[in-house]
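First up is the structure itself, then whatever we jot down about it.
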Amino acid sequence: MAKEIILYNLKAAVTDEEYAEYCKTKKGPFLNSLPSCKKFTLVKIVGSKKGVIPYKYVGIVDATSGEDWMKDASSPAFQDFLKEWMAKVEDFHILMGVEVFGD
């Protein structure tokens, strides 16, 4: 299964509570509505064995395929979502991968 993994931090003006509400009401439902998205998961990092947390949030999209995901990501609706999302986050890193092992 293809996966997009997004590592990021929130802008200083955005609280964790505001972002959680945004994800529940807008981001999550939007991503899960895309044809290529099998499941969207958001993880808030709360600890690190090394003591440093370079990214506070990790978003994981389970996609039908990388090609399908890229098609959805180039849609006008996704581009509108991206503009809204980018106003809330900073210092992000986007990775694409394929599942090697999992349930």
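A compact table of results
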{"quantity": "Rounded accessible area per residue of the chain, 1.4 Å, Å²", "calculated": "64"}
{"quantity": "The chain, dipole about Cα centre (Lys/Arg Cβ +1, Asp/Glu Cβ -1), debye to the nearest 20", "calculated": "240"}
{"quantity": "The chain - mean residue ellipticity at 222 nm from DSSP helices (-39,500 (n - 2.57) per run, n ≥ 4, rounded to 500)", "calculated": "-8500 deg cm²/dmol"}
{"quantity": "Selection from 25, 15, 42, by position along the positive dipole direction of the chain (Cβ)", "calculated": "15"}
{"quantity": "Under 16 Å from the Cα of residue 24 - lysines, other chains or at least 8 residues apart", "calculated": "39, 44, 88"}
{"quantity": "Radius, Kirkwood style, for the range 4-81 when every pair of distinct Cα atoms is counted (Å)", "calculated": "13.7"}
{"quantity": "Additional length obtainable on full extension of the chain from residue 46 to residue 71, 0.36 nm per residue less Cα span", "calculated": "5.7 nm"}
{"quantity": "The chain, relative contact order in percent, only Cα pairs under 8 angstrom and at least six apart counted", "calculated": "49"}
{"quantity": "Surface share of carbon and sulfur [accessible, 1.4 angstrom probe, percent] for the range 53-93", "calculated": "59"}
{"quantity": "Table column - 3J(HN,Hα) (Hz), the range 25-41, Karplus curve with 6.51, -1.76, 1.60, x for Gly and Pro", "calculated": "9, 10, 4, x, x, 5, 4, 5, 7, 6, x, 7, 8, 7, 6, 10, 10"}
{"quantity": "Ranked order, 4, 90, 99 - accessible area, probe 1.4 Å, largest first", "calculated": "90, 99, 4"}
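The values are calculated or read from the model by the stated rules, or taken from the named source; none is laboratory data. As the structure is a computational prediction, the values presented were derived from the model and not from experiment. Glycine gets a Cβ as well: all are built from the backbone with ideal geometry, and neighbour counts include every protein chain shown. Heavy atoms of the whole protein, side chains included, go into the accessibility calculation; ligands, DNA and RNA do not. Shrake-Rupley method; radii C 1.70, N 1.55, O 1.52, S 1.80 Å.
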